[in-house]
Structures are given as C-alpha cells and as structure tokens.
C-alpha cells in the first residue's frame, strides 16, 4: 500500500481522486465528495476498487502538476524509454469525468491497465457490458460508469484489464464518466484533448488571480489551488478533506470522515481567500455558511454536508480493512450532534471579516447573528465537547469560552464599524463577563499559563490562538508565558501536538500524530511576540513536510516521518496560507493583532 504522501489530488470542484506514484487511482467518490466510493482500495485492497495504468516495468517515476493547475503529470523512466501519464478531471459541466492520457516519449514500452470498479464503498461488483469497440459500461444499482478508449481491454476475474505496446510518439486516451443508471446519458464526454486544453485554461485563469506574498508565493498558490479543489462548486461549501478514515496514528482507531464542511474553518477560509484575491469564492463560502446555519439557534451544528445537510449519521464499513489495518473505517460523522461553543465565535468572526473585506452585506446575515447571540448569551457558561470534538464528558474548555468572547466582540465591532443595529451595551457587558471568567478560571496562576479546561492542568495548542483572535495583546506577559509553556509540554521534534492524548481522556483510545495546523499557529504566535527568526524557521520546516507536489495531510508522525490523517487537509493548507501572509508582513501585523488578528488589507472590493 502506498504511503499517504505518495498520493496526488485531482478533482473537478465537486469530487476528487487520489493518484499514487505508480499510476494507480485508489480513491474516488462519485458524483460528490461525500458519495460512496467506486475506487476504495485506499482503505482496503485492490479488489475494493482501483484503476492502475502504467508501464509494466519501470526504473523510477517522478511527477508534477502543470504550473498553476490541478493537472497531474507522472513520468516513468524505463531502461530503454520514457512514458508520461496525464491525469485530470475537467471542472464539472454535466457528468463527472476522469481523463487519463498515456504517452510514449522515448523508446518502446509495454503498458498495463487494471480497472476494478466497486460501487458502494468497495463492495458492489458491477455488471460490465461492451457498448462498441471503444466503450464499456459498468452498472451497479443507481450507478453507471462509461469508459471510452481505443486501448484493447478484456474482462478477467471481475476486473477489466489490458496490455499493449507503445512506441515513441504514440498516445492513448481513456475517459471515464459517471452517470445514473436509470436514465440515458446526455453527456457524451467530449474529446479528451479538448478537455485537457479547457481544463488547463480554467486552472491557469483561476490561479493567475492569486495575490500571494512574495517569498512564499509558490506554496501559497498550490495551497489555494488545493482549497479550490476541495470546494463543492454548486454550493460554495469547502470540505475538510476528500477522504475518510485515513488514520491519525497508523494502525489506530482515530479514523474519521472529513468529507463535510466545518463551521470552524469559516474564518480562516474566508481570510485566506480574501487575502489572496479570491472574493467570488469568499462570497460563495459566506453564503453557504448563512444557508447552513439558518433556522432555530439551538440547532446550530459544528458541521454540515456539502450543500448544508444536517444529518450525517456515522456508521462503520466492515468489509474495508482500513488503511494499513487502521480500523474501523467510518462513513458519516457523529460529531455533528455535539455542542461545541467555539463555532459561534468562528461564525461571527467570519461574517465580520466578510464585512471588513468589502463583501456586500447579505440581508439575512445580521438577523441570523442577533438570534444566535441571544442563544449564546444563555448557554456560554455550559460545558461543551471542545474544538477537538472529544468523545468524553463535556468540559469548560478555555478555547470554547474564548471564542464565545470573540462572538460578542466581533458583533460589537460590526455594529460600531459598519452601522449594524443591536443591543451593543448588553453585548459589551457579556463580553467583559466572559473575559473575566476566562482569566480567572482558565489561567493557572502557579504555572503562569492558560490551560485546556477550567480546573485542569493540561495544555492545548488552541491556547496559541488567544493572541491570534485578539483576546489578549501579543505583548501581554500571559501570552508569552503560555507560548513558552506550550513549547515545553506540547512540542515534539519541533512540531506541536494538539494536546497530550496519554494524559487526557478524550473518549478514544490510542495516540495521534502532530497536528500541522497547530504548528502553523505556533509560527504565527512567534511572529506576534517578536520571535521572527523562530517563526521563519518553523514555517519553513513545515513547508518541507509537504509531499513532492506540495500537499499536506492533517498530521505528521515524527517516529515514522510520515504524513498521517485525512489527505489533503484543507485546515493545514488554510493555516499555511494565513501563516505565509503573517510572516510576509510580520512587522506590520502586531498592531492589527491587538484588535483582530485575522484582519486583511482593504482592497475596496464589493460584490
């Protein structure tokens, strides 16, 4: 089985596939990110679905994305030849399509392909028929795939296989498209070469708008392309990752489905988009948020489906053995039912930043905010499950309370800076009460550090965000002492753990890797407290953890020096983008941090 970092991402802004170094597509859900997979060998065995296309024997392979695009090129070096494989998914118009083009660049080569389609997350064997000399259909229940190619293929052992010779200059195309089985296909697919040209034009036009900071423009641009690829185009929702159940510890049970949209990502996503010049995407994400959270305030969830679905029931898939035997494989996410108070702050902060960024006001936004604040006023003193979605009894998490403070703070700022009407004096009183409560109960006077939860002694990486969200000024001595405490207790091999899983009962057995977003937060905290050399060194260390095509997972395992967790992870790439902007303008960020650190330069844009 390939390492997680050996995969690259391709996608059409509605779903995505993972392609291994050796030419095997091992993960693909159709027609949406959260649909059942038809290639699921990533979480099982080749018999659970995959598509291999590569030379039979090759010495080495290398790969790259075409500049500014999500078009993947893998070059295979042979003893007497060279072959290039081009993989991409055209931005969706009609049906989802997966295009593979294989070219012989030098010499001669024997090519092999093995296509194993298994609908229903690697379980259902389809009925395969040959429509004509150039096309096959794969049907299982409501699903149908159409494959068009000039390559010779045959059926064997419930697989579609082929073997053929190529000489220099030869080029063979494969086009796989998804359709529902109970209606005739209306989209015939199109010419693969035309689709390649239009896909390249789409991505280069999009990436060409990027206003990335100078010294880190390349990693920022690649992260933004990845973020765009994780956006469900029709709704504007951004999934946390295109995968489920990639383990946080190899062989462990911390395996979750991340193919949904978290409110928690809202502010950081909006800021990363607006800072980088992507206002249309920021509007779409803001409007997705408002549609998703609309309704009774006591029903606010931490996460939703890609079009705002609320019910995301969690179940286990027993026929998949798990990535490197990491069980169970989960579909759905039970955390959607948890109370996590921090999401109120993330939502209010996101809407405030949208106003600061010049986005036109959504007429429902302020009304929704006021109703939610009325509800938060009643519940902010309650314990919750916290940002890390603990499956243990609720606690009074310090960061949850901080984000309650943020909710009222940003609403006060929206009223004062943008003329929004509301009970500002009452909000100010509540904001002060929350701040006093946190400083009294969330700060350990003996150790001079904030702690994970009231009355506890454990630390948490979220404490690094206190200056980042403007709760305390970066020059407050409690900020510096908390950063130093996190360094002493949560940093391993130069990177940051979320918290000590061996000392905290979070309701799930086993350990995990080092959470990459937390390490980016430490780099930002360093920059804010004036440790610029440390900030730069840590940020550039994190850049080196990206794989060969610039992608990051959720976590990093220092003992095996491998990426772990779902991949690629939007939160990691969003943190990279915002940290890069922070470091690029570090000298000018300190003053802005004292009011709201997630501020962005005014561009005067309005949509």
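The values are calculated or read from the model by the stated rules, or taken from the named source; none is laboratory data. All values derive from a computational prediction rather than experimental measurement. A quick note on method: Cβ atoms are made from the backbone with ideal geometry, for glycine too, and the neighbour counts reach across all protein chains shown.
Just a few scattered comments:
- Exactly one residue out of 165, 223, 177, 198 is closer than 27 Å to residue 545 by Cβ and not in a loop (DSSP other than H, G, I, E, B): that is 223.
- When 223, 165, 207 are checked against the criterion of being in the same structural domain as residue 55 (by TED's automatic domain parsing) and either under 30 Å from residue 279 (Cβ atoms) or free of Cβ contacts under 8 Å to residues at least 60 places away in the same chain (or both), a single residue qualifies: 165.
- The listed residue being at pLDDT 95 or above and not in a loop (DSSP other than H, G, I, E, B), out of 67, 54: 54
- Candidates are the residues of region 143-159 that are on the phi < 0 side of the Ramachandran plot and not in a strand (DSSP E or B); the one that is surrounded by the most Cβ atoms within 10 Å (Cβ to Cβ) is 153.
- Each residue in region 405-425 was checked for being touching a residue at least 24 places away in the same chain (Cβ under 8 Å) and surrounded by 13 or more Cβ atoms within 10 Å (Cβ to Cβ), and 11 pass.
- The listed residues are 272, 245, and the only one of them that is within 14 Å of the chain's Cα centre (by Cα), touching a residue at least 12 places away in the same chain (Cβ under 8 Å), at positive phi and crowded, with 23+ Cβ neighbours inside 10 Å turns out to be 245.
- Residues being in contact with a strand residue (DSSP E or B) (Cβ under 6 Å, 6 or more places away or on another chain) and part of a loop (DSSP other than H, G, I, E, B) - total across region 23-48: 4
- Of all the listed residues (140, 122, 162, 94), the sole one being on the phi > 0 side of the Ramachandran plot and at pLDDT 95 or above is 122.
- Within region 200-222, not a single residue is on the phi > 0 side of the Ramachandran plot and either crowded, with 20+ Cβ neighbours inside 10 Å or within 19 Å of the chain's Cα centre (by Cα) (or both).
- Checking each residue in region 30-54 for being closer than 23 Å to residue 547 by Cα and crowded, with 24+ Cβ neighbours inside 10 Å picks out 33, 39, 40, 41, 42, 43, 44, 50, 51, 53.
- Condition broken by residue 135, with the remaining ones in (1) farther than 21 Å from residue 13 by Cα; (2) modelled with pLDDT under 95; (3) surrounded by fewer than 14 Cβ atoms within 10 Å (Cβ to Cβ) satisfied: (3)
- The set of residues in region 13-28 being buried (at least 24 other Cβ atoms within 10 Å of the Cβ) and touching a residue at least 60 places away in the same chain (Cβ under 8 Å) consists of 15, 16, 17, 18, 19, 23, 25, 27, 28.
- Only a single item in (1) out of contact with any strand residue (DSSP E or B) (no Cβ under 8 Å at 6 or more places or on another chain); (2) surrounded by fewer than 16 Cβ atoms within 10 Å (Cβ to Cβ); (3) farther than 20 Å from residue 564 by Cα is not met by residue 457, and it is number (1).
- Residue check for residue 327: modelled with pLDDT under 90 and either assigned to a loop (DSSP other than H, G, I, E, B) or under 15 Å from the mean Cα position of the chain (by Cα) (or both): no
- Restricting attention to region 349-375, the residues being closer than 20 Å to residue 428 by Cα and either under 21 Å from the mean Cα position of the chain (by Cα) or without any contact (Cβ under 8 Å) to a residue 40 or more places away in the chain (or both) number 5.
- For region 431-443, the count of residues that are at pLDDT 95 or above and not in a helix (DSSP H, G or I) is at least one.
- Here residue 340 clears all of (1) touching a helix residue (DSSP H, G or I) at 6+ places or on another chain (Cβ under 9 Å); (2) part of a helix (DSSP H, G or I) except the condition numbered (2).
- Verdict on residue 122 being under 30 Å from residue 233 (Cβ atoms) and surrounded by fewer than 17 Cβ atoms within 10 Å (Cβ to Cβ): no
- Of all residues in region 68-84 being touching a residue at least 24 places away in the same chain (Cβ under 8 Å) and under 26 Å from the mean Cα position of the chain (by Cα), the one that is surrounded by the most Cβ atoms within 10 Å (Cβ to Cβ): 70
- When the residues of region 309-324 are filtered to those that are in contact (Cβ under 8 Å) with a residue 40 or more places away in the chain and in a loop (DSSP other than H, G, I, E, B), the one that is nearest to residue 238 (Cα to Cα) is 312.
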